[in-house]
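Chemist: Just passing along the structure, written as structure tokens.
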Amino acid sequence: MNLETLPSFNILTTGKDGVQIASVSDRDWASFVNTIVEAGHKEWYTMDIARTLYNKTGKGYFPQGVTVGKLIVVREGAKSNLTLLAHEYGHALGHEHTHAANPDIMNPVDWMRHSDQHNLQDKFRKNFPDYTKTFISAQQNHLIVGTAIAGLGWLYFSS
Ligand SMILES: [Zn+2]
């Protein structure tokens, strides 16, 4: 399935460096992810244990976005999630996922993304200034709390 052919595919913005952000409806996104899973695409989040965890806790494996080359596609409900967008932008800039215990933005699990070792949120803001302004004020408070927690988390993981 090609995301760009979905009826809900909608380009939200183009960054200064040409990277584009698009959204698809939550429903189209879910069927896209399920198609990947059925096609035997074995990312960690498609494993049985990850799905069981998600089904029991509502947290974890279900991805929110994908980056293919210079195109970031996120589900509609996540289009103002700066942590997610900075993560996907990190992929567009060539960053790979971190180790699962490293609480960085490039962690594959969204609720593990507490620190920002490559300043990706800042880079995202600078590349998409107008788009970021549409949601940033509500996010900033969240980020300050997240950064404080991240310091503790990093101590824990490195001890
Ligand atoms: Zn990723």
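The values are calculated or read from the model by the stated rules, or taken from the named source; none is laboratory data. Because the structure is a prediction, the values reported are computed rather than measured. Neighbour counts are summed over all protein chains in view; Cβ atoms, including those assigned to glycine, are modelled from backbone coordinates with ideal geometry.
Chemist: Which one is nearest to the ligand (Cβ to nearest atom) among residues in the range 15-63 that are modelled with pLDDT of 85 or more, part of a loop (DSSP other than H, G, I, E, B) and surrounded by 12 or more Cβ atoms within 10 Å (Cβ to Cβ)?
Modeler: 19
Chemist: Could you please find all residues in the range 94-126 being among the polar types (S, T, N, Q), on the phi < 0 side of the Ramachandran plot and in a loop (DSSP other than H, G, I, E, B)?
Modeler: First, the residues of the range 94-126 that are among the polar types (S, T, N, Q): 98, 102, 107, 115, 117, 119, 121.
After this cut, where a residue has to be on the phi < 0 side of the Ramachandran plot as well, the list is 98, 102, 107, 115, 117, 121.
Within the range 94-126, 98, 102, 107, 117 qualify.
Chemist: Here's a follow-up. I'd like the full set of residues that are among the hydroxyl-bearing types (Ser, Thr, Tyr), without any contact (Cβ under 8 Å) to a residue 40 or more places away in the chain and away from the ligand (no atom under 11 Å from the Cβ), limited to the range 87-133.
Modeler: Correct list: 115 only.
Chemist: Can residue 76 be described as more than 14 Å from the ligand (Cβ to nearest atom) and touching a strand residue (DSSP E or B) at 6+ places or on another chain (Cβ under 9 Å)? So that I can check it myself, show each step before the final result.
Modeler: Values: more than 14 Å from the ligand (Cβ to nearest atom): yes; touching a strand residue (DSSP E or B) at 6+ places or on another chain (Cβ under 9 Å): yes.
Considered against the rule, which asks whether it is more than 14 Å from the ligand (Cβ to nearest atom) and touching a strand residue (DSSP E or B) at 6+ places or on another chain (Cβ under 9 Å), residue 76 comes out as yes.
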